[in-house]
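The values are calculated or read from the model by the stated rules, or taken from the named source; none is laboratory data. These figures come from a predicted structure and were not determined experimentally. Heads up, the Cβs are rebuilt from the backbone with ideal geometry, glycines too, and the neighbour counts pull from every protein chain shown. Side chains included, ligands, DNA and RNA excluded: accessible areas come from the protein's heavy atoms. Shrake-Rupley method; radii C 1.70, N 1.55, O 1.52, S 1.80 Å.
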Amino acid sequence: MKVFLQYAILENGQPDLPAREISARLEANSTLFYKIDSKWFTGLTKFYFDTFKNSAVAYDFTFDMTEVNNVDATIDLLKPFTTSKASAALTAGIDRTRQNIRTFTITDTFIHLMKEVDDQYCVPEYIRGPNYAYPIAGRVGIDEMIDTFVDLTLFAHLDGDRKAKGPPTMGDILKFTTKISGGATPKIELSPLGQALRVADASLTFAASRQDIHTLIVGLSLPTAATPLDFVGPSTPGFLVAAVGTPAERSAAKAIERVITRFELGRNNVVLVPSP
C-alpha cells in the first residue's frame, strides 16, 4: 500500500505539488505513515487514497503434510531335491503413514497494513526472497495480485454496477507441492550347501517420503457497506470460512469461500445443498 501510494503521488501524470512534497516527507520519515490521513491529499491522489484505503485482503492457508515410513523384510527358503527344488518366501513389513492438515484464515485492510504494521517488516533484511524448497515460506507474488486488483479496479470496471447485490472482489489460488523421498534395499544371497532346508537370500527394504502441499487462497475486496449475508453477526462464521472485521474484510473472506466452492470442492466430487 505504501508503494502504491507513492506511485499514485509521483506517477499520476498530474502536477500535484503538495502530494509530491508529502511524498518526500514520507520517504524521509516513514513513521509519518502511521499518521497518514485522506485530508493530506487533493485531486487524483486523494481519489486513489480514498478508493483503496478501506479495501481488504484475506489469506486462507492450508498446510497438508503426509509422512510415510516403511520397513519390509523378505526371506526366501530353499530345499533342494534330487530332481527338483522347493522354495518359500516369507515377508513381513511395518508401514507407517502420518498426515497432518492445518488451516487458518487472516484478514487485513490496506489502511491497517499501512498505519498499524511496524515499519521493520518492510525493511530489506526482513523481506524474504523466493524459497524453492518450501515456496509458501518465501516470496509468492502478492505484489502482482495487488497490482492486478488495482488495475482492474481503475481500468476494467471491477467496481461494476453499484446496484449489484454482491461487492466487487477478486480471488487467487496458489498451490505448492514439495516431495522428498529416499530408500534402500540391502540384500544377501547364500550359496547352496547340501540338501538341507536353508535360507537362499534375505533382504530389507526401507522407504521414507514426505509430501507437503501448501495452499494459499487470497481474496481481495473493495470497500463495501454491505456485509455478506452469512457473515452478518460479529462472530457469525461463513459457510466454509470464518472471518471477523470490517465488511470489506468479510467480503474478502467471502471471495475465498467462493473460490473454494468453485474450484476446490468440485475436484472431490462434493455436492453441496444449501439450507432453504
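General observations
- Within the stretch 137-148, if we keep just the residues that are closer than 22 Å to SER221 by Cα and part of a helix (DSSP H, G or I), the residue that is least open to solvent (accessible area, probe 1.4 Å) turns out to be MET145.
- Residue in the stretch 72-87 that is modelled with the lowest pLDDT, counting only those that are open to solvent by 50 Å² or more (accessible area, probe 1.4 Å) and not aromatic (Phe, Trp, Tyr): THR82
- Any hit, the stretch 172-185, residues being closer than 30 Å to PHE104 by Cα, modelled with pLDDT under 70 and either under 23 Å from the mean Cα position of the chain (by Cα) or open to solvent by 90 Å² or more (accessible area, probe 1.4 Å) (or both): no
- Enumeration of residues in the stretch 194-213 that are more than 46 Å from the chain's Cα centre (by Cα) and open to solvent by 90 Å² or more (accessible area, probe 1.4 Å): GLN195, LEU197
- Look at the stretch 32-48: where a residue is under 9 Å from ALA19 (Cβ atoms) and a partner is open to solvent by less than 50 Å² (accessible area, probe 1.4 Å) and aliphatic (A, V, I, L, M), sitting 6+ places away or on another chain with Cβ atoms under 6 Å, you get TRP40/ILE22; PHE41/ALA19; THR45/ALA8; THR45/ILE9; THR45/ALA19.
- Subset of the stretch 103-122 that is polar (S, T, N, Q) and surrounded by 14 or more Cβ atoms within 10 Å (Cβ to Cβ) - its residue that is nearest to the chain's Cα centre (by Cα): THR105
- Residue that is modelled with the highest pLDDT, among those in the stretch 209-235 that are part of a loop (DSSP other than H, G, I, E, B) and farther than 12 Å from LYS254 by Cβ: LEU222
- Scoring SER191 on the criteria (1) at pLDDT below 85; (2) within 28 Å of GLU264 (Cβ to Cβ); (3) open to solvent by 40 Å² or more (accessible area, probe 1.4 Å); (4) not in a helix (DSSP H, G or I) leaves a single failure, condition (2).
- Filtered by the rule that a residue be under 22 Å from PHE149 (Cβ atoms) and either at pLDDT below 75 or open to solvent by less than 80 Å² (accessible area, probe 1.4 Å) (or both), the stretch 24-52 gives PHE33, ILE36, SER38, PHE41, LEU44, THR45, LYS46, TYR48, PHE49, ASP50, THR51, PHE52.
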